[in-house]
There are 2 protein chains.
Amino acid sequence: MSTDAVTMDKIVSLSKRRGFVFPSSEIYGGLGSSYDYGHYGVLLKDNVKARWLEAMVRERDDIVALDSSIILHPEVWKASGHVAGFSDPLVDCRTCKQRFRADHLADPEHQELRCGKRPSKRPGETPDCDLTEPRNFNLMFQTRVGAVEETGVDVYLRPETAQGIFINFKNVAQIARRKPPFGIAQVGKAFRNEITPGNFIFRTLEFEQMEMEFFVPPDEADEWYRYWVDERFRWHLRYGVRESHLRVRPHEADELSHYSSGTSDIEYLFPIGWSELEGIANRGNFDLTQHAEHSRQKLEWKDPQTGKGYLPHVIEPAAGVGRAMLALLCEAYDEDEIGGEKRTVLRLHPTMAPIKVAVLPLLRKDGHPEKAREVYLELRKRMSAEYDEGGNIGKRYRRQDEIGTPYAVTIDHQTLEDGTVTVRDRDSLSQERLPVQGLVDELEARVTNRT
Amino acid sequence: MSTDAVTMDKIVSLSKRRGFVFPSSEIYGGLGSSYDYGHYGVLLKDNVKARWLEAMVRERDDIVALDSSIILHPEVWKASGHVAGFSDPLVDCRTCKQRFRADHLADPEHQELRCGKRPSKRPGETPDCDLTEPRNFNLMFQTRVGAVEETGVDVYLRPETAQGIFINFKNVAQIARRKPPFGIAQVGKAFRNEITPGNFIFRTLEFEQMEMEFFVPPDEADEWYRYWVDERFRWHLRYGVRESHLRVRPHEADELSHYSSGTSDIEYLFPIGWSELEGIANRGNFDLTQHAEHSRQKLEWKDPQTGKGYLPHVIEPAAGVGRAMLALLCEAYDEDEIGGEKRTVLRLHPTMAPIKVAVLPLLRKDGHPEKAREVYLELRKRMSAEYDEGGNIGKRYRRQDEIGTPYAVTIDHQTLEDGTVTVRDRDSLSQERLPVQGLVDELEARVTNRT
């Protein structure tokens, strides 16, 4: 398994070719850094979200789910600090009118910076722009609710799902009869008017987050912070990311948000280098304090034992669905050779694979298709399955390998005689004969238990 | 089962009380007609979406999934007609500055219309506003992408998911190797700046749609239109909506969109009366024609047999997740008496129920909790389960009834002796003793197969 085979170009190309992800609004020339997810992309993305929710909510007693609105009361973003502070410093060129991120000017990654109005005559000449002082540009998308000018209100598309959780903390604690430590988990879209989105689905204007806010007694915050860094690290390992491709990078003091006493990124070795896969932050009681002040509501948790109220501290593991999916694609991508022929294969963890099993009649005659359809219809009841009778069997295996299908079931003349099928394993390439009777249970067990 | 017990107030109250749905941004005084979904609400809503996707994608060979962006290229909405025509006619009162929908002026439902600046002195007096001529107000939310004035672009939040499907038709047909008839299904958020949202989650500014566009040869359109009306009607029956509460209402000629040769609403008898649950429209080739024109791309499907190209016609079943969920809640809501005590119960179809099984130790001692936890941990691996040891057993049953949990497993002293548990059925109230061994298989079968 040669990981150096992976490049972003190959991932982008495979994603487009097999319909995982393609540029959005393509027939209109696209809309920068915006992507649509095709069939296999939706299935893979849904699996990522389902496994996250499973680990966060279903397999635990101390976390509940929430789905708050994208458009919240505008006061929420004043309280959270986003209206005042969620901005990038931008500079303009007085000559060419282009705008740049001030912090990119000195960055060797952004060498392409040059004045658009003064084209370089000779190769190597890089005329500088005539730049203004940096100004702050808010990253939140703004829109307006209400038809009437007088009663309408300016609102924002949420730049993170987290605040929807904080403003519902009191409601949820009461209704769900919870006491700290407990968490609220949410999966949903967020929007950021990024100046420099890019690297495929790594950074996009519109993206899905998986965030969980874990509310704890203040003196337990450090312990829970360490717990969640470990727990989230293990989640990625559980679904097949190699430990050598993952690392925890604690933020330096000067990187930390002013309210955070500790933040760590879980980084993945993407083809673009080590980059943030998700972040775990100890947010203290900053958010609840802010919302209590701005809403003038008591958001304290009252300890029934001591009778004393306190604002819980919050540990937040925040992950991006697109990044998790991109990491899984990079991790799974491989090229090898079978019988002298090059093969592209996605070695996805079976529970993540869009399709769990392909059912293939060996021939398009002799009763193979009929029997194969019968087997397929049974399997489909319990797992995501695909039936394919087009092209020779090798070609059909290759198609399934490319989308990461862990098992292929082939129906041949022997199936009609003794009721057995061939089960081909994507990775070991082993071919096993198994009875149709009990096949669905067997495959379900393999998909679920495989590590 | 007395259906007249259901009122919108009771549904709203139960939803708030048990954390299915509550007003959004509540600590800031709310944001009109905006709702957040709590734990059970998320689980119920996820089940609705999963069952829809199951019926639309997983159980079929002819439909694939898609997840397109909320922010699409603005040209999409010019082509679709939304920029020019997706608007409500509004009138203003010159005196009180209020704004009203022109088509509501004559509507007896909107009798509250009165001038806010001329308060009625005597009961029964309804002074009229001094109204302007109607003007059109576009229902799309607008925002702006890009930091730079010169290169920034005005965009819209999609008012429907459908257009994201049309613009990807060609891509998907090629990549997924599909030929008409085939469909593309999508679940996702849409946004409409409604003048008169309301009736709880029936009509909200931000909502989730489940839309499928089925592309067919033109001469098969009528047949497929009838097929999808039937198919969608049956889907609602499948998940427990009574046939007497559902009806198909074909649109009158004057209601039809100019491009549609047929549209039917599936209506549900909500507490507010018969109202649209979902719509099935024969859209002809209007959308593909428009996008082909505006994008100057060939969107024709080329028939490999005849060699002739044609624009497929489209049948669209479009449902709202919130409405489907509201209908299920209304349909399931019931009040009865057990032993002289009033009970509120949600008779949800088991596959829709947020929690499938509650595990309850009879006593909080004598080893009951330990054994109950053991059983709970086993069940949780395969279905959404809840453990509850708080309060007497009757109270705990009531709590589960109220959120629609179909089965409650009680662990008592006999469990410790012979390894059997009591399984209580939410609807029949029967209590059956079943062995712990095999319990998860048994319950899974009941949840899946129950009609």
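Can you tell which of B:Trp224, B:Trp274 is more than 14 Å from chain A (Cβ to nearest Cβ) and over 30 Å from A:Asp67 (Cα atoms)?
On the way: B:Trp274 fails: over 30 Å from A:Asp67 (Cα atoms).
Selected residue: B:Trp224, the only one of B:Trp224, B:Trp274 that is more than 14 Å from chain A (Cβ to nearest Cβ) and over 30 Å from A:Asp67 (Cα atoms).
Only one of these is over 16 Å from A:Glu160 (Cα atoms), within 12 Å of chain B (Cβ to nearest Cβ) and modelled with pLDDT under 95: A:Arg114, A:Arg101, A:Arg118, A:Arg94. Name it.
Details: A:Arg114 fails: within 12 Å of chain B (Cβ to nearest Cβ); A:Arg118 fails: within 12 Å of chain B (Cβ to nearest Cβ); A:Arg94 fails: within 12 Å of chain B (Cβ to nearest Cβ).
Only one candidate qualifies: A:Arg101.
Looking for something under 30 Å from A:Asn193 (Cβ atoms) and of a type outside the set (Phe, Trp, Tyr) - is there at least one such residue anywhere in the stretch B:50-66?
Taking the stretch B:50-66 and keeping what is under 30 Å from A:Asn193 (Cβ atoms), we get B:65-66.
Applying the additional criterion that residues be of a type outside the set (Phe, Trp, Tyr) yields B:65-66.
Looking for residues that are under 30 Å from A:Asn193 (Cβ atoms) and of a type outside the set (Phe, Trp, Tyr), one finds at least one in the stretch B:50-66, hence yes.
Could you figure out which of (1) assigned to a loop (DSSP other than H, G, I, E, B); (2) within 25 Å of B:Cys330 (Cα to Cα); (3) within 14 Å of chain A (Cβ to nearest Cβ) isn't true of B:Glu211?
(1) is the only condition that B:Glu211 fails.
Inside the stretch A:254-322, counting only strands (runs of 3 or more DSSP E) that do not spill past its ends, which hold 2 or more residues that are at positive phi? Spell out how you get there, then give the answer.
Numbers: elements: A:262-270, A:273-284, A:313-320.
Counting at least 2 such residues, we get A:273-284.
Name the pairs whose Cβ atoms lie under 8 Å apart, with the first residue in the stretch A:235-249 and among the polar types (S, T, N, Q), the second in a strand (DSSP E or B) and surrounded by 18 or more Cβ atoms within 10 Å (Cβ to Cβ), and 6 or more positions between them or separate chains?
Pairs found: A:Ser244/A:Leu269.
Considering only helices (runs of 4 or more DSSP H) fully contained in the stretch B:1-98, which possess at least 3 residues that are over 16 Å from the mean Cα position of the chain (by Cα) and in contact (Cβ under 8 Å) with a residue 24 or more places away in the chain? Give the steps one after another, and end with the answer.
Values: elements: B:8-17, B:39-53, B:75-79, B:82-85.
In the stretch B:1-98, B:8-17, B:75-79 are the helices (runs of 4 or more DSSP H) which contain 3 or more residues that are over 16 Å from the mean Cα position of the chain (by Cα) and in contact (Cβ under 8 Å) with a residue 24 or more places away in the chain.
Condition first: under 25 Å from A:Val187 (Cβ atoms) and among the small types (Gly, Ala, Ser). Now tell me which residues in the stretch B:1-31 satisfy that.
B:Ser15, B:Gly19, B:Ser24, B:Ser25, B:Gly30
Results for (1) out of contact with any strand residue (DSSP E or B) (no Cβ under 7 Å at 6 or more places or on another chain); (2) within 14 Å of chain B (Cβ to nearest Cβ); (3) more than 23 Å from B:Arg60 (Cα to Cα), shown as yes or no for each residue.
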| position | (1), (2), (3) |
| --- | --- |
| A:His368 | no, no, no |
| A:Lys371 | no, no, no |
| A:Lys381 | yes, yes, no |
| A:Gly394 | yes, no, yes |
| A:Ile411 | no, no, no |
| A:Thr422 | no, no, yes |
| A:Gln431 | no, no, yes |
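Is there a residue being surrounded by 17 or more Cβ atoms within 10 Å (Cβ to Cβ), out of contact with any strand residue (DSSP E or B) (no Cβ under 9 Å at 6 or more places or on another chain), at pLDDT 80 or above and facing chain A (nearest Cβ under 7 Å) anywhere in the stretch B:53-75?
yes
Given the residues A:Thr415, A:Thr405, which is the only one that is within 24 Å of B:Arg51 (Cα to Cα) and either touching a Phe, Trp or Tyr at 6+ places or on another chain (Cβ under 6 Å) or buried (at least 22 other Cβ atoms within 10 Å of the Cβ) (or both)?
Working: A:Thr415 fails: within 24 Å of B:Arg51 (Cα to Cα).
It is A:Thr405.
Being more than 20 Å from A:Tyr37 (Cα to Cα), modelled with pLDDT of 95 or more and in contact with a His (Cβ under 9 Å, 6 or more places away or on another chain) is the requirement here; does A:Pro181 meet it? Break it down stepwise before answering.
Working: more than 20 Å from A:Tyr37 (Cα to Cα): yes; modelled with pLDDT of 95 or more: yes; in contact with a His (Cβ under 9 Å, 6 or more places away or on another chain): no.
The answer is no for A:Pro181.
Just to verify a result, which residue in the stretch B:147-159, among those that are crowded, with 17+ Cβ neighbours inside 10 Å and at pLDDT 80 or above, is farthest from the other protein chains (Cβ to nearest Cβ)?
Kept after step one, since they are crowded, with 17+ Cβ neighbours inside 10 Å, are these residues of the stretch B:147-159: B:147, B:155-159.
Checking the rest, the ones that are also at pLDDT 80 or above come to B:155-159.
Working: B:Val155: 8, B:Tyr156: 9, B:Leu157: 7, B:Arg158: 11, B:Pro159: 13 Å.
Result: B:Pro159.
When the residues of the stretch B:5-21 are narrowed to those that are facing chain A (nearest Cβ under 10 Å) and surrounded by fewer than 21 Cβ atoms within 10 Å (Cβ to Cβ), which ends up farthest from B:Glu335 (Cα to Cα)?
Residues of the stretch B:5-21 facing chain A (nearest Cβ under 10 Å): B:16-21.
Then keep just the ones that are surrounded by fewer than 21 Cβ atoms within 10 Å (Cβ to Cβ); that gives B:16-17.
Details: B:Lys16: 17, B:Arg17: 16 Å.
Among them, the one singled out is B:Lys16.
Can you tell me which residue within the stretch B:279-333, out of those that are within 20 Å of B:Arg177 (Cα to Cα) and acidic (Asp, Glu), is surrounded by the most Cβ atoms within 10 Å (Cβ to Cβ)?
It comes out as B:Glu300.
Please pick out the residue among A:Phe200, A:Phe166, A:Phe215 that is among the aromatic types (Phe, Trp, Tyr), touching a residue at least 24 places away in the same chain (Cβ under 8 Å) and within 30 Å of B:Val153 (Cα to Cα). Break it down stepwise before answering.
Working: A:Phe166 fails: within 30 Å of B:Val153 (Cα to Cα); A:Phe215 fails: within 30 Å of B:Val153 (Cα to Cα).
That would be A:Phe200, the only listed residue that is among the aromatic types (Phe, Trp, Tyr), touching a residue at least 24 places away in the same chain (Cβ under 8 Å) and within 30 Å of B:Val153 (Cα to Cα).
Please work out which residue is farthest from B:Lys78 (Cα to Cα), limiting yourself to the stretch B:122-146 and to residues that are among the polar types (S, T, N, Q) and modelled with pLDDT of 90 or more.
Narrowing the stretch B:122-146 to residues among the polar types (S, T, N, Q): B:126, B:132, B:136, B:138, B:142-143.
When the remaining residues are screened for being modelled with pLDDT of 90 or more, the result is B:142-143.
Values: B:Gln142: 13, B:Thr143: 16 Å.
The residue in question is B:Thr143.
Quick one: is A:Ser264 under 23 Å from A:Phe207 (Cα atoms), polar (S, T, N, Q) and modelled with pLDDT of 95 or more?
Details: under 23 Å from A:Phe207 (Cα atoms): yes; polar (S, T, N, Q): yes; modelled with pLDDT of 95 or more: yes.
Judged against the criteria, A:Ser264 is a match.
Quick one: B:Arg343 ticks every box in (1) within 24 Å of B:Gln186 (Cα to Cα); (2) under 31 Å from the mean Cα position of the chain (by Cα) bar one, so which box is it?
Going through the list (1) within 24 Å of B:Gln186 (Cα to Cα); (2) under 31 Å from the mean Cα position of the chain (by Cα), B:Arg343 breaks only (1).
Is it the case that some residue within the stretch B:279-293 is of a type in the set (A, V, I, L, M), under 19 Å from B:Ala190 (Cβ atoms) and in contact with a helix residue (DSSP H, G or I) (Cβ under 6 Å, 6 or more places away or on another chain)? Break it down stepwise before answering.
Step one: of the stretch B:279-293, the residues of a type in the set (A, V, I, L, M) are B:280-281, B:288, B:292.
Filter once more, so that each one left must be under 19 Å from B:Ala190 (Cβ atoms): B:280-281.
Next, from what is left, pick out any that are in contact with a helix residue (DSSP H, G or I) (Cβ under 6 Å, 6 or more places away or on another chain): B:280.
Yes, some residue in the stretch B:279-293 is of a type in the set (A, V, I, L, M), under 19 Å from B:Ala190 (Cβ atoms) and in contact with a helix residue (DSSP H, G or I) (Cβ under 6 Å, 6 or more places away or on another chain).
Among the residues of the stretch B:243-275 satisfying the criterion of being touching a helix residue (DSSP H, G or I) at 6+ places or on another chain (Cβ under 7 Å) and more than 19 Å from B:Glu211 (Cβ to Cβ), which is surrounded by the fewest Cβ atoms within 10 Å (Cβ to Cβ)?
B:Glu243
Scan (1) away from chain A (no Cβ under 14 Å); (2) in a strand (DSSP E or B) for the single condition B:Asp219 breaks and write down its number.
Among (1) away from chain A (no Cβ under 14 Å); (2) in a strand (DSSP E or B), the lone unmet condition for B:Asp219 is (2).
Scan the stretch B:337-385 for residues that are outside any loop (DSSP other than H, G, I, E, B) and either touching a Gly at 6+ places or on another chain (Cβ under 9 Å) or among the polar types (S, T, N, Q) (or both) and jot them down.
Narrowing the stretch B:337-385 to residues outside any loop (DSSP other than H, G, I, E, B): B:337-338, B:341-346, B:357-361, B:368-380, B:385.
Passing the criteria: B:Ile338, B:Glu341, B:Thr344, B:Val345, B:Leu346, B:Pro361.
What number of residues within the stretch A:411-426 are under 15 Å from A:Val357 (Cβ atoms) and without any contact (Cβ under 8 Å) to a residue 40 or more places away in the chain?
4
The values are calculated or read from the model by the stated rules, or taken from the named source; none is laboratory data. As the structure is a prediction and not an experimental result, all values here were calculated from the model. All Cβ positions, glycine included, derive from the backbone under ideal geometry; neighbour counts span all protein chains shown.
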